[in-house]
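**Student:** Handing you this structure, nothing more for now.
Derivation of every value follows stated rules applied to the coordinates shown; laboratory data play no part. Since we're looking at a predicted model, the values are computed, not measured. Every residue, glycine among them, receives a Cβ derived from its backbone with ideal geometry; neighbour counts consider all protein chains shown.
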Amino acid sequence: DTGVSQDPRHKITKRGQNVTFRCDPISEHNRLYWYRQTLGQGPEFLTYFQNEAQLEKSRLLSDRFSAERPKGSFSTLEIQRTEQGDSAMYLCASSAGTAGNQPQHFGDGTRLSIL
Amino acid sequence: AQKITQTQPGMFVQEKEAVTLDCTYDTSDPSYGLFWYKQPSSGEMIFLIYQGSYDQQNATEGRYSLNFQKARKSANLVISASQLGDSAMYFCAMRGIDDYKLSFGAGTTVTVRA
């Protein structure tokens, strides 16, 4: 069990640029989640995959955001035309099975800073 | 929809003492799960403990225990014998029966003093 891996750890970019983050879940986990966390706040849900299917998207996920999970393994989160308000920590989590007591295991996150 | 409230923005505790972190929640789901996570300054979210709404006993996991009072809709985390490494942000979260996403509170910062 190598844990959830996220890349990059930090990303600094200029406003208006596109950015893409990658998440590799724990290998046997079929569920994958993206959250966004701003300074001093708890994480907020963005989107959720079961295998390769994206089953739920938050209203926070504007049309500039897109997430994929091809082949049900790793996932990418892309932000197009970044804005100052996109500066945050982007957390990926994964979980196994269907039981409600299965915890979500989080990666170390990608911290995005928009100049 | 679920709502989690953590009213203590920050707490100080002496090493080796116990500390209780408050968490209240609101939901219309008849069945739900409550989770606590620890987030050190390095950023990773670490799962600590889980309590199901129909569990008869309060959850315990090592030095962590959950004081679950369903009628009051509270799920307080107790950390016993605090250690310097316990200094971190602690988040309470919940998930409804038909839901997969977690709803988090704003967190409580714990600082353990030597």
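**Student:** If you find the alpha carbon centre of segment A:56-115 and of segment B:53-85, how far apart are they in angstrom?
**Tutor:** 29
**Student:** Assuming R0 = 41 Å, what is the FRET efficiency of A:GLN80 and B:ARG113, from their Cβ-Cβ distance, to the nearest 0.05? All intermediate terms of the calculation are to be shown ahead of the outcome.
**Tutor:** Numbers: r = 46 Å, r/R0 = 1.13.
The value I calculate is 0.35.
**Student:** Please compute the Kirkwood hydrodynamic radius of the protein assembly as shown from all pairs of different C-alpha atoms, in Å with one decimal.
**Tutor:** Computed over the protein assembly as shown, the radius equals 18.2 Å.
**Student:** Please work out the ratio of the alpha-carbon Rg of chain B to 2.2 N^0.38 Å and round it to two decimals.
**Tutor:** With N residues counted in chain B, Rg over 2.2 N^0.38 Å equals 1.02.
**Student:** In square nanometres and to one decimal, what's the mean projected area of the convex hull around the Cα atoms of chain A?
**Tutor:** 6.9
**Student:** Please compute the modelled spin-label separation between B:SER74 and A:GLU68, points set 7 Å along Cα→Cβ, answer in nm with one decimal.
**Tutor:** 4.9
**Student:** For peptide B:35-43, compute the average count of partner chain beta-carbon atoms within 10 Å of each residue's beta-carbon.
**Tutor:** 3
**Student:** Further question on the same structure: Within segment B:43-79, list the residues whose amide N lies under 19 Å from a label point set 7 Å along Cα→Cβ of B:ALA106.
**Tutor:** Counting only backbone N, you get B:74-77.
**Student:** If I model a spin label as a point 7 Å beyond the Cα along the Cα-Cβ vector, how far apart are those points for A:LEU115 and A:THR2 in nm?
**Tutor:** 3.2
**Student:** With θ set to phi - 60°, apply the Karplus curve 6.51 cos²θ - 1.76 cosθ + 1.60 along segment B:27-43 and write out the HN-Hα couplings as whole Hz, x wherever there is a Gly or Pro.
**Tutor:** Values per residue, Gly and Pro as x: 7, 9, 6, x, 9, 7, x, 10, 10, 10, 10, 10, 10, x, 4, 6, x Hz.
**Student:** Now for a separate question. Can you compute the charge dipole magnitude of segment A:29-85 about its Cα centre, using +1 on each Lys and Arg Cβ and -1 on each Asp and Glu Cβ, nothing else charged? Give it in debye, rounded to the nearest 20.
**Tutor:** Approximately 60 debye in magnitude.
**Student:** In whole Hz, with x marking every Gly and Pro, tabulate ³J(HN,Hα) for segment B:70-85 from phi via Karplus 6.51 cos²θ - 1.76 cosθ + 1.60, θ = phi - 60°.
**Tutor:** So the J values, rounded to whole Hz, are 4, 5, 8, 6, 10, 9, 7, 9, 10, 10, 9, 6, 3, 10, 4, x.
**Student:** Next question. Along the positive direction of the dipole of chain A (beta-carbon charges: Lys, Arg +1; Asp, Glu -1; about the Cα centre), which of A:ALA88, A:GLY3, A:GLN17 reaches farthest?
**Tutor:** It is A:GLN17, whose Cα lies furthest towards the positive end.
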